[in-house]
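Okay, so here's the structure we're looking at.
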Amino acid sequence: MRIEAYFHNIQDVVAACPVVRSTRLMFDKRSSYEGFIRGEVFFVDDSILHIREYITTESDPDRLAYAYQYMASGGVLIFRYDNTGHHRKLKLATYPHHKHEGAEDRVIASFAPTLAEVLSEIEMIIDLG
């Protein structure tokens with residue numbers, strides 16, 4: 001898959017989420033199969049998802065680095081998924097993939113979610129709120 005197709009897929013996934021109000025996403029093509037995505041997704045309850053992905057698509061899409069940080073309207077962390085290797089000492093079964101819940105120091109094991117899965121989780125939070 002060429003990187004442009006992956007970028008279009010990301011735009012389609014975000015556009016399909018019913019609780020999205022607006023976006024500010026930047027797509028940086030590094031090569032035919034490599035790129036960087038950075039930006040924010042703004043939701044109807046004024047919460048924000050900060051997105052960062054460094055992706056290669058030469059075979060199956062592989063997010064070499066990612067972070068999805070979801071913040072409440074007041075700037076409080078609700079959750080963040082990322083694969084930064086800073087929690088080796090926790091011996092998580094899914095290392096380096098993990099999730100911060102509610103606070104930086106609350107870290108749990110987590111497989112790497114897709115953006116669609118993250119948006120579904122946010123949709124459930126907003127609908128319950």
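From the list Val44, Val20, pick out the single residue that is in contact with a Lys or Arg (Cβ under 6 Å, 6 or more places away or on another chain) and either modelled with pLDDT of 95 or more or surrounded by 14 or more Cβ atoms within 10 Å (Cβ to Cβ) (or both). Step through it out loud before you land on a result.
Numbers: Val20 fails: in contact with a Lys or Arg (Cβ under 6 Å, 6 or more places away or on another chain).
Matching residue, one of Val44, Val20: Val44.
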- Note on the structure: By residue number, the members of the range 61-70 that are open to solvent by 30 Å² or more (accessible area, probe 1.4 Å) and in contact (Cβ under 8 Å) with a residue 12 or more places away in the chain are Pro61, Arg63, Ala65, Gln69
- Item | Lone unmet requirement of (1) open to solvent by less than 70 Å² (accessible area, probe 1.4 Å); (2) assigned to a strand (DSSP E or B); (3) over 18 Å from Ala109 (Cα atoms) for Val14 | (2)
- Of all residues in the range 47-56, how many are surrounded by fewer than 17 Cβ atoms within 10 Å (Cβ to Cβ) and either of a type in the set (D, E, K, R) or under 17 Å from Ala16 (Cβ atoms) (or both)? 1
- In the range 23-38, what count of residues is obtained for those that are open to solvent by 90 Å² or more (accessible area, probe 1.4 Å) and either in contact with a helix residue (DSSP H, G or I) (Cβ under 6 Å, 6 or more places away or on another chain) or on the phi > 0 side of the Ramachandran plot (or both)? 1
- Note on the structure: Pairing a residue in the range 47-59 that is at positive phi and at pLDDT 95 or above with any residue that is among the small types (Gly, Ala, Ser) and assigned to a loop (DSSP other than H, G, I, E, B), where Cβ atoms lie under 8 Å and the two sit 6 or more apart in sequence or on different chains, gives none
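The values are calculated or read from the model by the stated rules, or taken from the named source; none is laboratory data. The structure displayed is predicted, hence computed values, not measured ones. Cβ: placed from backbone, ideal geometry, glycine included. Neighbour counts: every protein chain shown. Remember, those area values only see protein heavy atoms, side chains included, never the ligands or the DNA or RNA. Shrake-Rupley method; radii C 1.70, N 1.55, O 1.52, S 1.80 Å.
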